[in-house]
Amino acid sequence: MSDMLHSDQLRGHQVVVVGAGASGRAAARLLTRLGASVRFLEKNAKGVSDDFREEAGQGGYDLRLGAHGPADFAGADMVVLSPGIRAAGLADCLAACPGAQVLSELELASWFVAEPMVAVTGSNGKTTTVMLISHLLEAAGNKVFTGGNIGTPLSEYVLSGDTADVVVLEVSSFQLQLTRTFRPRVAVLLNFAPNHLDWHENLEEYFEAKLRIFAAQRPGDLAIVPEELRAALAGRDFTKAEVAWFSASDRFTCRRLIGAHNRQDMEAAFLAAAPFGVTEETAKAAFDTFVPAPHRLQVIGEKGGVLFVDDSKATTVAAMEAAIRSFDRPVRLLAGGVFKGGDLAALLPLLRERVAAVALFGASREVFEAAWAGQVPLFHEPTLEAAMTRLFADARPGDVVLLSPATASFDLYDGYKARGRDFQRVFAGLPMNRDAEAGEKA
């Protein structure tokens, strides 16, 4: 791969990189390697670390911190936007560089990848499925790079000079919306549900962004699509690749992955890995040894006969629904945070059937109460700890206390991982025997 990179490829080009997250920093390093002049913009000056300032100095970046305007984009030939930065929100600035190519780090890096790529997108389950695919490929003897929206940006792989047999990527709608030539050999759309409606203009724009994963595929490539979207895609010319439809089945099991949505993810993972030599027999053995990432329906433990499950990664209504459906025991649900959209009222039949109580914490109390108050037992506490302690006090042996918030976490935490860690911290401090605790208080 390194022979595809030449220091004069973008010499004389002025490139503006917006956003000092991992992908923006990786894109800037790649652009510098290609000979471009990099102007780096970051609105949050306080969030710029000393090591990045040093990196910017060594790379020769024109680093500009604070609010940016049209002058910061003047003369640019190319603009690379970090995920979460909307091109539409920079219309006035981009008008200062008419004709400039606006793209994502994913698109930029993909120009220099010759190895076959497997890309996964969807509203829920992306990380688990990407990890499953990589696990299956490695079980069949392939050398795999796993990255994208999970962990390592693709630009870092390009710069490493390493060569994998297969490149497996998690890709978001934010990244895909600014791609034109990104072409995975295998592209997977896991599912589609309302999400990021605080970012996308509407649901159709979000759907179109997801479908861009298939746009540059050619005959001989493979598009893997859920059966549940067949009707929605009828009449849409969304890919030139061969299409494989999938749904949940019982042919694959993993003792660490519970619920029908995880069986569906395993089906998609097998279909994605099969073109690279993974047989059904190999897949069954590999699934048995798979260890999922934390905070995704992660069983933390049991106290007083009550099971505690950390699903902090469930930041959408659809993810919450899938989590609740994973249990055949009464659920005591922890929810709340920064609401991103979705139909909470549509969950009422499921809540009445399976949820014994709902404990709200943090932000969006009014959103949840508007949909659920008076329909299910419901209360609010300002913090996760208070809500969780109160839920446990009322729980019965056989219940499950489930953190599946259907929201982003930034009201109280730095991210879903911090929220999940706090759930686990509170669990560790709960008494093993609630009767004993009650006796001590008496």
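The values are calculated or read from the model by the stated rules, or taken from the named source; none is laboratory data. All figures in this text were calculated on a predicted structure; none of them were measured in a lab. For neighbour counting, all protein chains shown are included, and Cβ atoms are generated from backbone atoms with ideal geometry for every residue, glycine included. For accessibility, only protein heavy atoms count, side chains too; no ligands or nucleic acids. Shrake-Rupley method; radii C 1.70, N 1.55, O 1.52, S 1.80 Å.
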Completion exercise
When restricted to Ala223, Ala193, the only residue within 26 Å of Pro292 (Cα to Cα), assigned to a loop (DSSP other than H, G, I, E, B) and aliphatic (A, V, I, L, M) is Ala193
Exercise for the section: Would you check if Arg390 is open to solvent by 40 Å² or more (accessible area, probe 1.4 Å) and free of Cβ contacts under 8 Å to residues at least 40 places away in the same chain? Expected result: yes
Problem - Residues satisfying the stated conditions in the range 283-339, i.e. surrounded by fewer than 20 Cβ atoms within 10 Å (Cβ to Cβ), β-branched (Val, Ile, Thr) and part of a strand (DSSP E or B) - result: Val299, Ile300, Val338
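Going by the structure shown, is Phe308 in contact with a helix residue (DSSP H, G or I) (Cβ under 7 Å, 6 or more places away or on another chain) and more than 30 Å from Phe392 (Cα to Cα)?
So Phe308 does not fit the description; no.
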Problem - Any hit, the range 199-219, residues being part of a loop (DSSP other than H, G, I, E, B), touching a strand residue (DSSP E or B) at 6+ places or on another chain (Cβ under 8 Å) and open to solvent by 10 Å² or more (accessible area, probe 1.4 Å) - result: no
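For residues in the range 141-186 being of a type in the set (Val, Ile, Thr) and outside any loop (DSSP other than H, G, I, E, B), which is surrounded by the most Cβ atoms within 10 Å (Cβ to Cβ)?
Val168
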Exercise for the section: Residues being more than 25 Å from the chain's Cα centre (by Cα) and under 19 Å from Ala87 (Cβ atoms): count how many of those fall in the range 14-37. Expected result: 4
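Out of the residues in the range 112-129 meeting the condition of being closer than 26 Å to Arg33 by Cβ and within 23 Å of the chain's Cα centre (by Cα), tell me which one is surrounded by the most Cβ atoms within 10 Å (Cβ to Cβ).
As a first pass, look at the range 112-129 and keep what is closer than 26 Å to Arg33 by Cβ: 112-119.
If we keep only those that are within 23 Å of the chain's Cα centre (by Cα) too, we end up with 113, 116-119.
Numbers: Val113: 20, Pro116: 17, Met117: 23, Val118: 26, Ala119: 31.
Here the residue is Ala119.
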Practice task
Within the range 345-353, identify whether any single residue is buried (at least 16 other Cβ atoms within 10 Å of the Cβ) and under 16 Å from Glu321 (Cα atoms), and answer yes or no.
Solution key: yes
Completion exercise
Gln9 vs (1) open to solvent by 60 Å² or more (accessible area, probe 1.4 Å); (2) in contact with a helix residue (DSSP H, G or I) (Cβ under 8 Å, 6 or more places away or on another chain); (3) of a type outside the set (A, V, I, L, M, F, W, C); (4) within 19 Å of Leu103 (Cα to Cα): all pass except (2)
Exercise for the section: Read through the list (1) part of a helix (DSSP H, G or I); (2) more than 29 Å from Tyr413 (Cα to Cα), then give the number of the only condition that Leu347 fails. Expected result: (2)
Practice task
Test each condition in (1) assigned to a loop (DSSP other than H, G, I, E, B); (2) at pLDDT 95 or above for Glu267 and report the one that comes out false.
Solution key: (1)
Practice task
Determine which single condition Cys93 fails, assuming it passes every other condition in (1) open to solvent by 50 Å² or more (accessible area, probe 1.4 Å); (2) assigned to a helix (DSSP H, G or I).
Solution key: (1)
Practice task
Would you check if there is a residue in the range 73-85 being in contact (Cβ under 8 Å) with a residue 60 or more places away in the chain, outside any loop (DSSP other than H, G, I, E, B) and of a type in the set (Val, Ile, Thr)?
Solution key: yes
